[in-house]
Amino acid sequence: MSPESIHRTAETVRASPVDVSADRLKFNGDNTFQRELRRRVEEHFRRSGHKQRDSARMYLKSAIILATFAASYVLLVFFAATWWQGLLLSAVLGSAVAQIGFNIQHDAGHQAYSEHRWINNWMARTLDLVGGSSYIWHWKHAHYHHTYVNIDGHDSDISLGVLARFAPMQKRYRHHRWQHLYMWLLYGLTAVSWHLHDDFHDIITGTIGKRRFPRPRGKDLVVFVLGKLVFFTLAFGLPLAFHSIGTVVLYYSVVAMVAGVLLAMVFQLAHAVEEAAFPSPSEPGRIDKPWAIHQLETTVNFARDSRVITWLVGGLNFQIEHHLFPRISHVHYPTIAPVVEATCREYDVPYHTNRSFSAGIASHYRWLRRMGRPDPAPASLALKPIPQT
Ligand SMILES: [Zn+2]
């Protein structure tokens, strides 16, 4: 487990009445590779003179994204006069919402935006502004997903219930044979589900996926409630004061679907593809791999050479670097990637990459189709040969 995860887990277990450590998994094995990799990346920053957080580029990028969000919202609600202006502005606003998620709140939620905790906290709350919850995200993404990538029952990102089968050990239903077709439509509902259902469901049940988590209390609860009030006022309250309910629902749907498709696409290409492994504990509570090797076996980069995609998706095309160094700002991923890749090659550790965004999409499609078929090739799925990339 990463030092960050250990620290955060210990910190939150102390503060919480819920014993989230009850079914924790322990990673095992030699950590020499991780120590050497960390040393080389630290050396890279020492030589370059760059700071790992508080990058001027990041502040400028945040200003551009937040200005695009505010401008497209104001133009859509107060100035759009024709249907095509409404659709165009909705698409821009939906894209800005996804950009806030990819770039600003994701870095900040991982404490990778700034050295100052208060700046990270405020930037992470941009997620509450656009309809999510920074508190629940911390548990769902930074804690369960990042620590236990692609482990069924622990990584809530691969727990879609009966909707889809993402991992070989998950139960297959008959309708999964069509999941490589219908899931693309459901991805469009990702943001709608977050806005109207997921956070409330998680708070009420006290669970995320199959895992329990402590409900927010004190300041966390205040941020949660205020965040929902602000979001519902912006998304529905204010627009309804100027437009009919049909108009508001129509353009809200467009904004949410654009954001949802973009968010789902980028997330799925990182772990739910053919190149990624889906390991199981060798015995209850035990993974027979060091944490860093587990991250490399379950995580896949895409389109590393595209500066445009890197800018748009907040460096999430460098998911390997993000998973190994979640506290380094994403603007540095392209420069540390060669260090990470060379060290992986040297230590004979996998480093998976899809060359382009479309190659990643194709791999996700094939993985969905494979998981939807009856009797996929048995245990070998968890031990797939490493493709030469
Ligand atoms: Zn992350």
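Read-outs throughout are calculated quantities, based only on the coordinates presented, and are distinct from any laboratory measurement. On a predicted model such as this, the values are computed, not experimentally measured, just so you know. Because the Cβ atoms are built from the backbone with ideal geometry, glycine has one as well, and the counts that use them run over all protein chains shown.
Among ASP288, ASP348, which is at positive phi and surrounded by fewer than 24 Cβ atoms within 10 Å (Cβ to Cβ)? Spell out how you get there, then give the answer.
Values: ASP288 fails: at positive phi.
Testing whether each residue is at positive phi and surrounded by fewer than 24 Cβ atoms within 10 Å (Cβ to Cβ) leaves just ASP348.
Taking helices (runs of 4 or more DSSP H) that fall entirely within the range 291-331, which contain at least 1 residues that are among the basic types (Lys, Arg) and within 21 Å of SER55 (Cβ to Cβ)? So that I can check it myself, show each step before the final result.
Values: elements: 291-298, 307-312, 319-324.
Once the helices (runs of 4 or more DSSP H) in the range 291-331 are filtered for at least 1 residues that are among the basic types (Lys, Arg) and within 21 Å of SER55 (Cβ to Cβ), what remains is 307-312.
Go through the range 165-186 and give me each residue that's under 18 Å from the mean Cα position of the chain (by Cα) and buried (at least 18 other Cβ atoms within 10 Å of the Cβ).
As a first pass, look at the range 165-186 and keep what is under 18 Å from the mean Cα position of the chain (by Cα): 166-167, 183-184, 186.
Scanning the range 165-186 gives PHE166, ALA167, MET183.
Can you name every residue in the range 101-123 that is more than 15 Å from ASP220 (Cα to Cα), among the small types (Gly, Ala, Ser) and within 12 Å of the ligand (Cβ to nearest atom)?
Passing the criteria: GLY101, ALA108, ALA112.
Considering only the range 338-360, I want to know if a residue exists there that is in a loop (DSSP other than H, G, I, E, B), farther than 15 Å from PHE302 by Cα, within 21 Å of the chain's Cα centre (by Cα) and charged (D, E, K, R).
No: zero hits.
Every residue, every condition in (1) within 16 Å of the ligand (Cβ to nearest atom); (2) within 20 Å of GLY101 (Cα to Cα); (3) out of contact with any Pro (no Cβ under 8 Å at 6 or more places or on another chain), yes or no:
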residue: ARG125; (1), (2), (3): no, yes, yes
residue: TYR135; (1), (2), (3): yes, yes, no
residue: VAL149; (1), (2), (3): yes, yes, yes
residue: LEU163; (1), (2), (3): no, no, yes
residue: PHE166; (1), (2), (3): no, no, yes
residue: TRP178; (1), (2), (3): no, no, yes
residue: MET183; (1), (2), (3): no, no, yes
residue: TYR187; (1), (2), (3): no, yes, yes
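Quick one: which residue in ALA98, ALA56 is under 26 Å from HIS323 (Cα atoms) and buried (at least 24 other Cβ atoms within 10 Å of the Cβ)? Walk me through it before giving the result.
Values: ALA56 fails: buried (at least 24 other Cβ atoms within 10 Å of the Cβ).
Matching residue, one of ALA98, ALA56: ALA98.
Can you name every residue in the range 119-178 that is of a type in the set (Phe, Trp, Tyr) and touching an Asp or Glu at 6+ places or on another chain (Cβ under 7 Å)? Let's see the steps before the verdict.
Step one: list which residues in the range 119-178 are of a type in the set (Phe, Trp, Tyr), which gives 122, 135, 137, 139, 144, 148, 166, 173, 178.
Listed by number, the residues that qualify are TYR135, TYR144, TYR148.
Determine if the range 255-272 includes at least one residue that is farther than 22 Å from PHE357 by Cβ, touching a helix residue (DSSP H, G or I) at 6+ places or on another chain (Cβ under 7 Å) and not in a helix (DSSP H, G or I).
no
State all residues of the range 78-94 that are part of a helix (DSSP H, G or I) and surrounded by fewer than 20 Cβ atoms within 10 Å (Cβ to Cβ); if no residue qualifies, say none. Talk me through it step by step, then tell me what you get.
Initially, the range 78-94 is screened for residues part of a helix (DSSP H, G or I), giving 78-79, 83-94.
Of everything in the range 78-94, those that are part of a helix (DSSP H, G or I) and surrounded by fewer than 20 Cβ atoms within 10 Å (Cβ to Cβ) turn out to be PHE78, PHE79, TRP83, TRP84, GLN85, GLY86, LEU87, LEU88, ALA91, VAL92.
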